[in-house]
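Report on the following structure.
The values are calculated or read from the model by the stated rules, or taken from the named source; none is laboratory data. Bear in mind the structure is a predicted one, so any value in this text is a computation, not a measurement. We place every Cβ from the backbone using ideal geometry, glycine too, and count neighbours over all the protein chains shown. Surface accessibility is based on the protein's heavy atoms, side chains included, excluding ligands, DNA and RNA. Shrake-Rupley method; radii C 1.70, N 1.55, O 1.52, S 1.80 Å.
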Amino acid sequence: MPPGGGFGGPMRQGFMTEEEKNSQPKITGALLKRVFSYLAPYSRQLFLVLACILVSSVFSLLPSILTGKIIDEGLIRQDLKALITYIVLSLAVTLGANLIGVAESYINTWIAQHITFDMRNQMFSHMQKMSQRFFTTNNQGDIITRMTSDIDGVKQVITSTFTSILSNVITLIVALIAMFQKNWLVALIGIVIVPLFTLPTRHAGKTRWTLTREAQTCNDEINGILNETMSVSGQLLVKLFGKENYEFQRYQKANERMIKLNIRESMAGRWFRVVLSTFASIGPMLIYLAGGILMMKYDANLTVGDITVLVALLGKMYMPVNSLMNIQVDWIRSMALFTRIFEYFDMKVEIENPKNPVKPAGTGGEVDFEHVDFSYEKGKPILKDVSFSLKSGDSVAIVGPSGSGKSTIINLIPRLYDVDAGTVSFGGVDVRKLDLTFLRQHIGVVSQETYLFNGSIRDNLLYAKPDATEEEMVEACRKANIYDFIEKQETGLDTLVGNRGLKLSGGEKQRISIARVLLKNPALFIFDEATSALDSISESKIQEAIDPIINSRTSILIAHRLSTILAADEILVVKDGEIVERGQHKDLVKAGGVYTELYETQFHREEGQETGETDLEHQPLESEDALEYELSGQLPAEWNPVRHQPLE
Ligand code: ADP
């Protein structure tokens, strides 16, 4: 026999692998306590539900018990009055049970909705505290599934799993008591069948559990594909790379797997039901037989009505037993759901507000980096011993090849990430000691990838300053050099920007985001200059908007254009995560280092030279010659990219 074999072995393994067994949640006291902590605020309503369930379970058994009276006292004694009384009573009790059932569902739904409401809100605010690292490493589809379907699942657990456990247990107990009161021997004979239910149940339960889990993973995958391909930028990528077929195949495959899983899931336990219903029909026959023998041979104190009641009550027991057996799966599934949700709740908030946050009265926006080391992933250092200071009112330009760590440096200032070693200070205080809201309130970032919300220009501006007046908005737009454009629009500030601002050009979006930052009026401005080639008009408009800010405000710029670089008070040259040179343009050019190389290869290139792989190559190209350069990698001799400020 193969190891782990035996009759059940290989078959069971076909349904549930070790890994899947391991993924079953451990149902511990702590988990239950935590689940019930969500119910606690609604204990009064829960108590009402419990009372309703109790009364309606008893009421729903009463007609079965009354059947005995109908037969014995009505039919056999031929007493019409008693017959009608018991019939009316029976009907009234049934109606009563149903009415209480309605009340119960209402209170139940109410509780479930409120609990999911609480959980959703808790999840949303928790998610907002998660670091950028969390959002860059986790699949968006997965996050959304947890926040939507998983929490919706909780509703299901409360409205059906919890209540059905309760009502089934109560029904069983009441039925058992009533049966044993009638005749303990017959009752006992009738219910010997019941334990046989447990045999196939365990197996079917496990199968369903595995399939449910698989279906959940498959569903996550489908959501992931939809999220990736049905987004604006995703579709763009699919179209431009002609990947429609590939994506379709991927989607179709996942869908097909889902179908198979769904069919298997709905068929799981079908055989089990056949066995159950066979067992179920044996019970009444045993009661008739045992009751009959007792009545006929032993002259026991049993009536026809009693036997009918016993059969009816036994019939009422099968359903609760059956669903309590199945509920094992629902229960495990519910606990898995809670475990998944709690997993998210328990994820450590990486960037937290300090215990005693420092909240200075004001700040000049000074920035100090002291021996900063940083890595996104352990063992892969990105920044190494970065130190620099930016005084209030000054500006620093960070230049360097793509991937050298420029954006990473600025990410550390508003604490999107925390340093591994060294300190980043803002206004002279370690950012980890500052109040997070204060810190972020005083920093304004214009990033390369401008994100505008789907709404009007006004909505997007008000996001920075909800109480901004019309004049303030116009002023900010003027300064950001976008007011001319807005004035030309029929609806002015109420012009809609489209999904993620896609109805606007790159330059317009950038200038709106500059206006947005101007409205915020932070102590420190951070510009991550766009590398994508904007047309020269948009570019100069942006430059005109930025220049006065650089000259008058504390600012850090990731610069790709020489004109911007020249506007800064100090230039930091970053290479492979280190600041390799710093100073003024004229000194750096002469120094003969990385900057000189960048400068010579990028701005003073001789005809015939190869381009290096740096961001600085993304110079806006205007003439046909320049276009040729982009295609061939050769720079035309007469092309001078510096337009805004003269070179020395
Ligand atoms: P730059 O702004 O100079 O182009 P970045 O600061 O964006 O460079 O990136 C520096 C390095 O860090 C690159 O090698 C990049 O691949 C890596 N990096 C950037 N963001 C992340 C991230 N969220 N997770 C892991 N690595 C990252």
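For the reader, a short list of remarks on this structure follows.
- Checked against (1) modelled with pLDDT of 90 or more; (2) surrounded by 15 or more Cβ atoms within 10 Å (Cβ to Cβ); (3) under 14 Å from A515 (Cα atoms), H442 passes all but condition (3).
Residues checked against (1) closer than 19 Å to I556 by Cα; (2) away from the ligand (no atom under 16 Å from the Cβ):
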position	(1), (2)
V474	no, yes
A480	yes, yes
S505	no, yes
A515	yes, yes
F525	yes, yes
D528	yes, no
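- Among residues of region 478-508, those that are under 28 Å from the mean Cα position of the chain (by Cα) and under 26 Å from P548 (Cα atoms), counted: 1
- Per-region count, region 542-578, residues more than 15 Å from the ligand (Cβ to nearest atom) and closer than 12 Å to D394 by Cβ: 10
- Within region 292-310, the set of residues being within 9 Å of I71 (Cβ to Cβ) and over 60 Å from the mean Cα position of the chain (by Cα) comprises T303, V304.
- Filter result for T148 (within 24 Å of N219 (Cα to Cα), surrounded by 18 or more Cβ atoms within 10 Å (Cβ to Cβ) and either at pLDDT 85 or above or touching a Leu at 6+ places or on another chain (Cβ under 7 Å) (or both)): no
- Residues that are modelled with pLDDT of 50 or more and part of a loop (DSSP other than H, G, I, E, B), drawn from region 1-49: S23, Q24, P25, K26, I27, T28
For every residue, the table says whether it meets (1) within 30 Å of K348 (Cα to Cα); (2) modelled with pLDDT of 85 or more; (3) surrounded by fewer than 20 Cβ atoms within 10 Å (Cβ to Cβ).
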position: L95; (1), (2), (3): no, yes, yes
position: F134; (1), (2), (3): yes, yes, yes
position: Q156; (1), (2), (3): yes, no, yes
position: T159; (1), (2), (3): no, no, yes
position: N168; (1), (2), (3): no, yes, no
position: I177; (1), (2), (3): no, yes, yes
position: Q181; (1), (2), (3): no, yes, yes
position: H203; (1), (2), (3): no, no, yes
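- Where helices (runs of 4 or more DSSP H) sit wholly within region 458-524, those with at least 1 residues that are over 27 Å from L439 (Cα atoms) and open to solvent by less than 20 Å² (accessible area, probe 1.4 Å) occupy 483-488, 506-520.
- Of the strands (runs of 3 or more DSSP E) that lie entirely inside region 324-424, those containing 3 or more residues that are more than 15 Å from the ligand (Cβ to nearest atom) span 367-375, 381-390.
- Pairs, first within 21 Å of D306 (Cβ to Cβ) in region 75-93, second open to solvent by 80 Å² or more (accessible area, probe 1.4 Å), C-beta under 7 Å, six or more apart: L83/L75; Y86/K69
- Residue match in region 423-437 (condition: open to solvent by 50 Å² or more (accessible area, probe 1.4 Å), in contact with a helix residue (DSSP H, G or I) (Cβ under 7 Å, 6 or more places away or on another chain) and not assigned by TED's automatic domain parsing to the domain that holds P25): no
- A residue that is in the same structural domain as T159 (by TED's automatic domain parsing), touching a residue at least 40 places away in the same chain (Cβ under 8 Å) and charged (D, E, K, R) cannot be found anywhere in region 309-326.
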